[in-house]
1. Which whole-number percentage describes the relative contact order of chain A, with Cα contacts under 8 Å and a sequence gap of 6 or more?
2. Where does chain A land at 222 nm, in deg cm²/dmol rounded to the nearest 500, when only DSSP H runs of n ≥ 4 count, each adding -39500 (n - 2.57), divided by all residues?
3. Cα centroid distance between the range A:95-135 and the range B:109-127, in Å?
4. Determine the shielding of peptide B:59-68 by partner chains: average, over its residues, the number of Cβ atoms on other chains within 10 angstrom of each Cβ.
5. Taking the simple approach of a point 7 Å from Cα along Cα-to-Cβ for both residue B:129 and residue A:82, what is their distance in nm?
6. Efficiency by 1/(1 + (r/R0)^6): what FRET value for residue B:2 and residue B:62, r their Cβ-Cβ distance, R0 = 22 Å, to the nearest 0.05?
7. Would the protein assembly as shown count as rounded, prolate or oblate if I go by the C-alpha gyration tensor, calling it rounded below 1.5 in a/c and otherwise prolate when a/b exceeds b/c, oblate otherwise?
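Just so it is clear, none of the values below were taken in a lab; they were calculated from the coordinates. Here the structure is a predicted model, which means the values were calculated and not measured. Positions of Cβ are backbone-derived with ideal geometry, glycine not excepted, and every protein chain shown enters the neighbour counts.
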């Protein structure tokens, strides 16, 4: 097997694990996400444990990653450089949060919910991908 | 099982997936980055395989537990379209979403990711609070 073929298999396996974890966690449910984003109302704090569990494992894993000279199936790590905190970061994250609150979906759960067959979920993904393309082709570097 | 336990277990698996992807391919498992690059046809095999995996996840859940994960969408269709556009534009402009900034960014103690997570949590909470107040 070539390294790139093994990388594709790794992506398939990691994507499946990610989607299974999302399904188990409750993040797939916009009603629960909106309950989590409602601390002044009928707050559902359980999704803190999704982020907490995920960050805990990733933090432990990062100790290992920092000791690795290179990834298993590639020549080098592609970890984002520590750029300054700038306008696009804050404005983009703010817009993202508004959309997340309005719909209760973020990108991973929206994709993973597709096989469950909700028309509104499909519409969200189409709008989301359109928004991504719109940004990358027209807005990138202009904010 | 208590929703706290299933949420925590799900979170552990999400973290495991993200760190395995980094260890194996050297890449950050940021879903908005993966989907955005796939939409532009960049590295289609790798990004496409991850997205196919995301679609298989709930099927595996159904095989394991005999039920589908709950999905309750209450927003009207115009609101869903607006929400999708904002999530798409915002995640690309902000270089990440709940996975790239939320999981790996916080785990790497990245100051940019801490600012991103605090920002989208605040605007998300303000949005839901205003929506509930206007109902």
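1. Working: 72 pairs, mean separation 40.7, N = 143.
The normalised contact order for chain A reaches 28 percent.
2. Numbers: 6 runs with 89 residues, N = 143.
Value at 222 nm, helices only, nearest 500: -20500 deg cm²/dmol.
3. 19
4. Working: counts 7, 6, 8, 3, 1, 3, 2, 0, 0, 6.
Mean inter-chain Cβ contacts per residue within 10 Å come to 4.
5. 3.2
6. On the way: r = 21 Å, r/R0 = 0.97.
The value I calculate is 0.55.
7. Numbers: a/c = 1.41, a/b = 1.22, b/c = 1.15.
Judged from the Cα gyration tensor, the protein assembly as shown comes out rounded (a/c under 1.5).
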